[in-house]
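Enquirer: My questions will all concern the structure given below.
The values are calculated or read from the model by the stated rules, or taken from the named source; none is laboratory data. Keep in mind that this is a model prediction, so the values were computed, not measured. Methodologically, a virtual Cβ is constructed for each residue, glycine included, from the backbone with ideal geometry; neighbour enumeration extends over all protein chains shown.
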């Protein structure tokens with residue numbers, strides 16, 4: 001998550017009403033949870049869903065790994081404590097699919113940065129997105145960058161009847177409003193495809209060691 005993306009996340013969390021509910025899927029070591037907890041108004045609930053199983057950490061770290069997971073879990077809680085927000089964040093140590101019954105009620109803001117493979121990303125967007133209140137917001141990381149996440153977005157959110165309106169992106173952090181989007185919503189998605197193709201091409205070059213630089217976020 002870049003600084004500019006953290007700023008956009010902050011602005012969306014700050015706009016949540018008092019007593020509202022902010023939820024993130026995919027906490028890793030806590031940076032986004034800290035941003036959300038610091039920005040959300042007093043009285044808002046902040047939930048962080050992450051099994052910390054050591055898997056789905058990147059293209060080369062898909063399979064679960066207990067040692068990695070425990071290291072991430074310890075770092076997550078240490079970072080929240082260091083930032084002074086440990087009491088504000090409820091950590092649900094479950095997969096996003098298993099946490100659906102554990103977290104109750106509608107959401108005002110949803111931040112999706114879980115598994116980037118198509119099927120789990122699709123399910124996170126569809127199932128958890130369905131919990132967002134009308135007028136609420138959903139932010140999706142690695143949009144138009146990760147192949148799995150982008151295919152999930154196009155499958156669930158592309159059509160004008162999806163019930164969502166695309167509000168733009170900061171790098172690969174896409175923002176959606178739970179409101180009818182119409183034809184313009186679809187057109188704006190299609191306009192992102194050249195940037196998506198460019199990002200995939202850059203990743204291929206990096207993997208093949210034909211280009212140096214950071215992963216496109």
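Enquirer: Pull up segment 164-187, narrow it to residues that are in contact with a strand residue (DSSP E or B) (Cβ under 9 Å, 6 or more places away or on another chain) and surrounded by fewer than 17 Cβ atoms within 10 Å (Cβ to Cβ), then point me to the one that is farthest from residue 7 (Cα to Cα).
Expert: 182
Enquirer: Sticking with this one: Right, residue 11: surrounded by fewer than 23 Cβ atoms within 10 Å (Cβ to Cβ) and modelled with pLDDT under 95 or not?
Expert: no
Enquirer: Next question, about the same structure. Scan segment 206-217 for residues that are surrounded by 13 or more Cβ atoms within 10 Å (Cβ to Cβ) and in a helix (DSSP H, G or I) and report the count.
Expert: 1
Enquirer: Also: For segment 27-55, enumerate the residues that are out of contact with any helix residue (DSSP H, G or I) (no Cβ under 8 Å at 6 or more places or on another chain) and at pLDDT below 95.
Expert: Those that are out of contact with any helix residue (DSSP H, G or I) (no Cβ under 8 Å at 6 or more places or on another chain) and at pLDDT below 95: 42, 43.
Enquirer: Another question, if that's okay. So residue 19 fits all but one of (1) in contact (Cβ under 8 Å) with a residue 12 or more places away in the chain; (2) part of a helix (DSSP H, G or I); (3) out of contact with any strand residue (DSSP E or B) (no Cβ under 7 Å at 6 or more places or on another chain); (4) surrounded by fewer than 19 Cβ atoms within 10 Å (Cβ to Cβ); what number is the exception?
Expert: (2)
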